[in-house]
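Trainee: Sharing a structure here in structure tokens format.
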Amino acid sequence: MKKIFNLGLTMVLIWVSSCNDDFLERLPETEIAVDNFFNTEEDLSIYINGLYNFPGFGIYFDDEATDNAATTGSREIKLIMTTEANSSTITSGWDWGQLRDINLFLENSGKASVTEDVRNHYNGVARFFRAQFYMEKIKRYSNVPWYDKVLTTDSEDLYKPSDPREVVVSKIFEDYQFAIDNVFESQPTGAVNKWVVLAYASRNALFEGTFRKYHDELNLQGSANAYLELASSYAKQIMDSGVFAVHNTGNPATDYYSLFISEDLGSNSEVIFSNIAVANVKNSGFSVTVFGNYEMSPTKDLVESYLMADGTYFSDQANADTMTFVEEFTDRDPRLSQTFSFPGWELINVTNYSAGVSNYVQQLNKNFTGYHQIKGFLNSVDQDYRNEVDAPILRYAEVLLNYAEAQAELGTLSQNVLDLTINHLRNRVGMPNLSMGIAPDPIQAGRYPGVNDPVLLEIRRERRVEFAQEGRRLDDLTRWKGGKLMEKEPVGMYFPGLGRYDLTGDGEDDIILIDATETVPEPDNRETNGLGVTLIYYRAGNVGDDVDVYLTNGTSGNVIATPERGTFEEPKHYYRPISASEVTLNPSLEQVFGWE
């Protein structure tokens, strides 16, 4: 289905997609004379559009190097954990160009000949972007300088020390509140409205509340509940509005998956904000590498987090540790098979992957756990379609989970809250309801030893499952003080020994594992299955052997993805260093928690 836009929105898309980065660098001084701009609503709108910097299809890669996905690629957290990282090697993040652009707008928007409510709407959007900007800085550095005015090259404040986290976060939520009070509810698809502001404010209030609660190195536990209450309040405002609903057409096998392959999320009841794609105008940014060959490999730990279809824990199964690929996808939460390729899944002729349509056989020498991601993978050869698919950046599902988690952390959770939130998500995929008084899962409890509430543990599971491979995991582990979970070496599917295996679930063998000492036969001499299809051969062995597949026990065990995960040092690795070059320029800046 092709999108139809009015001219104004199309021009916004062209503007944002083609010149956003340059705009942020050039706009204030070199391309627009301030004295001759900021006169009309069109001026305000054009400037604000240049501040848009929402994520896109990259969200489907952003769980890499967490406990959700291994990667052979470069990720900051991986570099930190596996090297002697310091302020000379971790240098990104200390950039202030967008803040200057935001403050320039706020200093000049008063000149425009517009009504006060229109001016406050645009100021609200600008302050929303300032809150977003500073929240990302707080997540990295904890303490940062607060600037709410444009600085010049001779401003003394360029050399001020960082302001305390408490001061900056208070300013952030002043900005959010102004935006909530003034940004219009109704805006064109793809534009910031009140609901976008509330959703992000809820997300970040939950981050700050839980971060303060679980990170005793800050000594801010006493103020944690204030932010948890804000997270709950912001989420409840969206819930009470009646504007959004969980996407549920009564098709539990496809409704969840359809959110990630849609050409028109603007009409989806669950999507609060999407990064809109228009073929040949602003393409989606889709990459076939999201499927998982070579770089990204989802982990068995994530696969095991999904419940059984009857709501029981996977860990309760007698042979949970030794299930083969076909067995572990049987009778599970339907979201598992709507996130990862499952036995019998068909791969359409996609460049570099396959020819024709077939029951896909996992390529163990390309995907290093055996689990391929289909969430965000556009299984089509239609290039216009692949360019047209939107990315769901804010979903109502997150609002519901924010509310449930905040209520649980505040000690005010009830069955009614679960029914209003998590059970809507479970109902979408035909899963049993979550109930108060549930018995704890010892595996889940082991992941989070600081949590004694079994229901809160299940809320965390629900969040991991619902948002698997959508880029939320690192933030969640950070705020829960769960960084040590990323030390676990990622492994993949299990093989009890050498021999033949069915990976498509049709009862016919597809691959054969042979010993490292054996030689793969010539094509004409290879074994076939009952359908006459030639088996795929893999030589199996230990890490370091000249083989195709590493197994934990050499000739049996789990596929090994990327060994040597490294060490997560607490609390240091929950923060980032200020680049050494920046500290040289401003010696008043101080590193936190052991960074040098």
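Every number in this text was worked out from the coordinates using simple rules, so none of it is lab data. It should be emphasised that the depicted structure is a prediction, and the values quoted were computed from it without experimental measurement. Counting neighbours? That spans all protein chains shown, and the Cβs are built from the backbone with ideal geometry, glycine included.
Trainee: Quick check on the stretch 353-487: what are the equivalent-ellipsoid semi-axes from the Cα gyration tensor, as sqrt(5λ), descending, whole Å?
Mentor: Numbers: eigenvalues 214, 74, 43 Å².
Whole-Å semi-axes of the equivalent ellipsoid: 33, 19, 15.
Trainee: How long are the three semi-axes of the equivalent ellipsoid of the stretch 520-581, in whole Å, if each is the root of 5 times an eigenvalue of the C-alpha gyration tensor, listed from largest down?
Mentor: On the way: eigenvalues 373, 35, 27 Å².
The answer is 43, 13, 12 Å, longest axis first.
Trainee: Quick query: amide H of Arg539 versus all other amide H atoms, modeled in the peptide plane; which residues come in under 5 Å with a sequence gap of 5 or more or a different chain?
Mentor: Counting only residues 5 or more places away or on other chains, the set is Ile514, Asp548, Val549.
Trainee: Could I ask something else about it? Return the distance in nm (one decimal) between the two label points of a simple spin-label model at Thr254 and Asn433, each offset 7 Å from Cα along Cα→Cβ.
Mentor: Going by the 7 Å Cα→Cβ label model, 2.9 nm.
Trainee: Could you give the radius of gyration (one decimal) and Dmax (whole number) of the Cα atoms in the stretch 414-534, in Å?
Mentor: That works out to 21.7, 64 Å for Rg and Dmax.
Trainee: Given only helices, namely DSSP H runs of n ≥ 4 each adding -39500 (n - 2.57), what is the per-residue ellipticity at 222 nm of the chain, to the nearest 500 deg cm²/dmol? It would help to have the intermediate numbers written out before the result.
Mentor: Details: 19 runs with 211 residues, N = 596.
That comes out to -10500 deg cm²/dmol.
Trainee: How large is the charge dipole for the chain, taken about the Cα centre, if only the Cβ atoms of Lys, Arg (+1) and Asp, Glu (-1) carry charge, to the nearest 20 debye?
Mentor: Working: 49 positive and 88 negative charges, 174 e Å.
The dipole of the chain has a size of about 840 debye.
Trainee: What is the helix-to-structure angle for 396-410, meaning the angle in degrees between its Cα long axis and the longest Cα principal axis of the chain, kept from 0 to 90 and rounded to the nearest 10?
Mentor: Result, in degrees: 80.
Trainee: Next question, about the same structure. For Asn558, what residues show an amide H to amide H distance below 5 Å, using hydrogens built from the backbone and excluding near sequence neighbours?
Mentor: Under 5 Å from the amide H of Asn558 lie the amide H atoms of Phe495, Thr552, Asn553, each far enough along the sequence or on another chain.
Trainee: Can you say what percent of the DSSP beta bridges in the chain, counting only those with both residues inside, are antiparallel? Round to 5.
Mentor: Details: 21 of 29 bridges.
Antiparallel bridges: around 70 percent, rounded to the nearest 5.
Trainee: Now for a different question. Mind checking the dipole of the stretch 25-121: about its Cα centre, +1 per Lys or Arg Cβ, -1 per Asp or Glu Cβ, Debye to the nearest 20? Don't skip to the answer; put the middle values down first.
Mentor: Working: 6 positive and 18 negative charges, 37 e Å.
Here the size comes out at about 180 debye.
Trainee: Would you kindly compute the Cα radius of gyration of the chain and its largest Cα-Cα separation (Dmax), both in Å?
Mentor: Rg then Dmax for the chain, in Å: 25.2, 81.
Trainee: Compute the distance in nm between two label points, each set 7 Å from the Cα along the Cα-to-Cβ direction, one at Asn86 and one at Asp117.
Mentor: In this crude spin-label approximation the distance works out to 5.8 nm.
Trainee: Using mean Cβ contacts within 10 Å as the protection proxy, how do 209-216, 414-421 order, highest first?
Mentor: On the way: 209-216: 21.2, 414-421: 16.9.
Ranking the peptides 209-216, 414-421 by packing returns 209-216, 414-421.
Trainee: Given Cα positions, please report Rg to Rh for the stretch 238-390, the hydrodynamic radius being the Kirkwood one.
Mentor: Values: Rg = 17.1 Å, Rh = 17.2 Å.
Ratio of gyration radius to Kirkwood radius: 1.00.
Trainee: Find how many whole Å separate the alpha carbon centroid of the stretch 520-596 from the alpha carbon centroid of the stretch 414-468.
Mentor: Measuring centre to centre over Cα atoms gives 30 Å.
Trainee: Using only alpha-carbon positions, what ratio does the radius of gyration of the stretch 116-229 give when scaled by 2.2 N^0.38 Å?
Mentor: Values: Rg = 15.3 Å, N = 114, 2.2 N^0.38 = 13.3 Å.
Normalised Cα radius of gyration, the stretch 116-229: 1.15.
Trainee: Cα to Cα, under 30 Å, and not fewer than 8 places away if on the same chain: which lysines meet these conditions relative to Lys484?
Mentor: Candidates past the 8-residue exclusion: Lys78, Lys137, Lys139, Lys213, Lys300, Lys366, Lys375, Lys572.
Trainee: Choose one of Phe467, Ala516, Tyr501: the residue whose Cα lies farthest towards the positive end of the charge dipole of the stretch 458-519 (beta-carbon charges +1 Lys, Arg; -1 Asp, Glu; about the Cα centre).
Mentor: The listed residue farthest towards the positive side: Phe467.
Trainee: For all pairs of alpha-carbon atoms in the stretch 38-166, what percent lies in each bin of width 5 Å, listed from the first bin to the last filled one?
Mentor: Going from the shortest bin to the longest, the percentages are 2, 8, 15, 16, 16, 14, 12, 8, 5, 3, 1, 0.
Trainee: Can you compute the radius of gyration and Dmax for the stretch 149-188, using only the Cα atoms, both in Å?
Mentor: 15.1, 42
Trainee: Rounding to the nearest 10 and keeping the result within 0 to 90°, find how far the Cα-based axis of helix 97-108 lies from the longest principal axis of the chain.
Mentor: Roughly 30 degrees, rounded to the nearest 10.
Trainee: Between helix 116-141 and the chain, what is the angle of the helix's C-alpha long axis to the longest principal axis, kept within 0 to 90° and rounded to the nearest 10?
Mentor: 50 degrees
Trainee: So, by mean Cβ neighbours within 10 angstrom, what's the order for 275-283, 438-446, 395-403 with the highest one leading?
Mentor: 395-403, 275-283, 438-446
Trainee: While we're here: Grab the eigenvalues of the alpha-carbon gyration tensor for the stretch 399-449, scale each by 5, take roots, and send me the semi-axes largest first in whole angstrom. Mind dumping the intermediate values first?
Mentor: On the way: eigenvalues 67, 46, 22 Å².
Semi-axis lengths for the stretch 399-449 are 18, 15, 10 Å.
Trainee: Please give the peptides 91-98, 295-302 ranked by average Cβ packing (other Cβ atoms within 10 Å per residue), highest first, as a rough proxy for protection. Please report the intermediate quantities before stating the final value.
Mentor: Details: 91-98: 14.4, 295-302: 23.8.
Highest to lowest by the protection proxy: 295-302, 91-98.
Trainee: Quote the relative contact order of the chain in percent (integer), defining contacts as alpha-carbon pairs under 8 Å separated by 6+ residues. All intermediate terms of the calculation are to be shown ahead of the outcome.
Mentor: Values: 1045 pairs, mean separation 112.1, N = 596.
Reported as a whole number, the value is 19 percent.
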